[in-house]
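What follows is calculated from the coordinates using simple rules that are stated; it is not laboratory data. In this text the structure is predicted, and so the values were computed from the model without any measurement. Reconstructed Cβ throughout: ideal geometry from the backbone, glycine too, with neighbour counts over all protein chains shown.
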Ligand SMILES: [Mg+2]
């Protein structure tokens, strides 16, 4: 994820709206009103609404209050309590004005109310405002998780992603691999060429790592100064070591001059890989510590190389 994509984005972002109502006629009216401007999804009951919200990640849910089984309030509470859906903007659509209901709705986290029969102009305006707010806050959230210099994810994002990947792999009994990377002799580089060139080098290296690690659910983050970290779910040690070697080779192929490197004419990088099939009750820091030890060994054995190991259960 790069900052430029958000700011200059080639395609303008089209908001996604989920319409939830047990009466088909109400969905039809809203669909007709909104389909030209937004991507529209529909659900006929509360359970479907929750499933669809997880699947399509709408920006706004237009939520009928009176529905059989799960009513709109229940659905709203559910969406707001799930980290996967908590950011969605909920607008209640209610049959008539009822102050107590509106109070309850806002307390549950709704952003607005619309009353049936809907007024098309008011409804469109309210939705347009809420979409704008939602997309702006998405943008801010995304920027807050990016490294300003290199454009890859930052450490905070890594700290959010690792526990999620850990749980996911624990559930599926799949291996989880991380790669810790450190540019070799980067202090020499800065001392030789200056910090501006150092920044340019960091950006080029980050971009190259991001290009090499290209499955959508993998993460590349800047871990510290000249350190980067990759999180590769559903990846075993052989696969992770292969990716790490590709990264190491790709950095050499950038041919960024580094005349004071004791080992090469060009910038190189070292990698430590660690893999585990996670258990729920294990702390995830063991994975980072193991990768760090492997990175240290890779440095010790001459740099510009990959070392990796499995995390043993009894460590
Ligand atoms: Mg209804």
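For segment 155-310, calculate the relative contact order in percent as a whole number, restricting contacts to Cα pairs under 8 Å that are 6 or more residues apart.
For segment 155-310, the relative contact order is 32 percent.
How many percent of the alpha carbon pairs in segment 250-307 exceed a separation of 13 Å?
So the portion of pairs separated by more than 13 Å is 65 percent.
If r is the Cβ-Cβ distance from residue 264 to residue 31 and R0 is 51 Å, what FRET efficiency results, to the nearest 0.05? Could you put the intermediate results ahead of the total?
On the way: r = 61 Å, r/R0 = 1.20.
Step by step, r from the Cβ atoms, then E = 0.25.
For the chain, what's the relative contact order in percent, using C-alpha pairs closer than 8 Å and at least 6 residues apart?
Over the chain, the number comes to 14 percent.
If you average 1/r over every pair of different alpha-carbon atoms in segment 64-215 and take one over that average, what Kirkwood value in Å do you get?
After inverting the mean inverse Cα-Cα distance, the result is 20.0 Å.
Would you kindly work out the equivalent ellipsoid of the chain from its C-alpha gyration tensor and give its semi-axes, the square roots of five times the eigenvalues, largest first in whole Å?
Numbers: eigenvalues 463, 102, 39 Å².
Each semi-axis is the square root of five times an eigenvalue, giving 48, 23, 14 Å.
Label segment 24-90 by shape, choosing from rounded, prolate and oblate, from the square roots a ≥ b ≥ c of the eigenvalues of the Cα gyration tensor; if a/c is under 1.5 it is rounded, and otherwise prolate applies when a/b is larger than b/c, oblate when it is not.
Note, shape of segment 24-90 comes out oblate.
So what is the orientation-averaged projected area of segment 3-144, using the convex hull of its C-alpha atoms, in nm²?
Mean orientational projected area (segment 3-144, Cα hull): 8.5 nm².
If each of residue 309 and residue 51 carries a label point 7 Å out from its Cα toward its Cβ, how far apart are those two points in nm?
Once both label points are built, they end up 4.7 nm from each other.
What does the helix-only formula give at 222 nm for the chain: each DSSP H stretch with n ≥ 4 adding -39500 (n - 2.57), the total divided by the residues, and the result rounded to the nearest 500 deg cm²/dmol?
Rounded to the nearest 500, it is -15000 deg cm²/dmol.
Which whole-number percent is the relative contact order of segment 32-125 (Cα, under 8 Å, 6+ apart)?
Across segment 32-125, relative contact order equals 26 percent.
From the square roots a ≥ b ≥ c of the eigenvalues of the alpha-carbon gyration tensor of segment 121-176, which class results: rounded (a/c under 1.5), prolate (a/b over b/c), or oblate?
Note, shape of segment 121-176 comes out oblate.
Considering the Cα trace of segment 155-310, what is its radius of gyration and what is Dmax, both in angstroms?
15.3, 49
How many angstrom separate the Cα center of segment 254-269 from the Cα center of segment 177-202?
Computed from Cα coordinates, the inter-centre distance equals 10 Å.
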